[in-house]
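I have placed the structure first, in the form of structure tokens, so that the comments after it can refer back to it.
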Amino acid sequence: MKIGIIGAGNIGGNLTRRLTALGHDVSVANSRGPETLKDLAEETGATAVTAAEAARGARIVVVTVPLKSVPDLPSGILDGATDDVAVIDTGNYYPQQRDGRIAAIEDGLTESRWTEKQIGHPVIKAFNGTYAQDILDNGRPQGTPGRQALPVAGDDPAAKQAVRDLIDQLGFDTVDAGGLDESWRQQPGTPVYGNRGDADAITKALADASPERTAEWRA
């Protein structure tokens, strides 16, 4: 599968490593240019490209940049992707540590709904509460007892299934976390955020979430 990854930080870099190891054709980009990704490309066999090129021909595109940087992504970032492209948003709103105040999110818009509006395409929220090292270390074969599970939220059933299938390839179970307007259940500060539990534990954590954003996660 052709996969584009926009953002080469901890999550983006480790997804590049695992997805290339699984045989996928990965293009990876960051904000500084492909020449700065030479080492990652040589290590993994991925193709280093500009952000504007990352989605070309891609069936799945991963947007894994700081939330404050999403509006700065090139216009038409998904031009050239397949018609049925599934876009994964891994982002989190960290107003105090990094992103500053984003009024729409403070007013109650879910973080991934905000990202969706910025890029002009539906997104699937996944990997946002996953430790980057777990992507490399914690994958297990399907059916393994206690297999770690990840929540996945989104409105498009076909795109969501494509993402869930990819996560299964990476070695993790998934739990359907509902539509994007329910994705507050997996934002920072919720019981599922950073949770390494199995599918039952993740299902319970999602159910136990509160929509109230605590002071730590507000501007």
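Below is a table of values for the structure above.
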{"item": "Accessible surface, 1.4 Å probe, highest first, among residues R185, R140", "result": "R140, R185"}
{"item": "Separation between Cα centres of the range 46-119 and the range 144-196, rounded to whole Å", "result": "18"}
{"item": "Equivalent ellipsoid, the range 1-109 (semi-axes from 5 times Cα gyration tensor eigenvalues, Å)", "result": "24, 16, 12"}
{"item": "Long-range HN-HN contacts of Q148 with modeled amide H, under 5 Å", "result": "D173"}
{"item": "Within the accessible area of the chain (1.4 Å probe), percent carbon and sulfur", "result": "46"}
{"item": "Taking only Cα atoms of the range 123-190, radius of gyration then Dmax in Å", "result": "11.7, 31"}
{"item": "Per-residue SASA entry for S27, accessible area with 1.4 Å probe, Å² rounded to 10", "result": "10"}
{"item": "Relative contact order (%) - the range 97-171, alpha-carbon pairs under 8 angstrom, separation at least six", "result": "29"}
{"item": "Mean projected area (nm²) of the alpha-carbon convex hull when the range 91-219 is viewed from all directions", "result": "7.7"}
{"item": "Antiparallel bridges, percent of DSSP beta bridges restricted to the chain (to nearest 5)", "result": "5"}
{"item": "Relative contact order for the range 139-194, counting Cα pairs under 8 Å that sit 6 or more residues apart, in percent", "result": "39"}
{"item": "Most to least accessible of W217, W184 (protein chains only, probe 1.4 Å)", "result": "W184, W217"}
{"item": "Dipole in debye (nearest 20) - the range 132-219, about Cα centre, beta carbon charges: Lys, Arg +1; Asp, Glu -1", "result": "180"}
{"item": "Whole-Hz couplings from phi, Karplus 6.51/-1.76/1.60, listed for the range 189-200; x for Gly and Pro", "result": "x, 8, x, 8, 5, x, 7, 9, x, 7, 4, 5"}
{"item": "Value of [θ]222 nm, deg cm²/dmol, for the chain, DSSP H segments ≥ 4, -39500 (n - 2.57) each, nearest 500", "result": "-8000 deg cm²/dmol"}
{"item": "Sparse-neighbour loop sites [trypsin sites (Lys or Arg not before Pro); the range 101-146; at most 16 other C-beta within 10 Å; DSSP]", "result": "R101"}
{"item": "Heavy-atom accessible area per residue - the range 1-126, 1.4 Å, Å²", "result": "42"}
{"item": "Accessible-area ranking of H121, H24, largest first, probe 1.4 Å", "result": "H121, H24"}
{"item": "Only Lys, Arg (+1) and Asp, Glu (-1) charged, at Cβ; the chain dipole about Cα centre in debye", "result": "280"}
{"item": "Area accessible to solvent at E42, 1.4 Å probe radius, in Å²", "result": "130"}
{"item": "Three-way shape call for the chain based on the alpha-carbon gyration tensor, with the a/c threshold at 1.5", "result": "oblate"}
{"item": "Surface per residue (accessible, 1.4 Å probe) for the range 167-219, Å²", "result": "47"}
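The values are calculated or read from the model by the stated rules, or taken from the named source; none is laboratory data. These numbers were taken from a predicted model, which means no experiment stands behind them. Backbone-built Cβ (ideal geometry, glycine too); neighbour counts: all protein chains shown. In case anyone asks, the SASA skips ligands and DNA or RNA and just uses the protein heavy atoms, side chains included. Shrake-Rupley method; radii C 1.70, N 1.55, O 1.52, S 1.80 Å.
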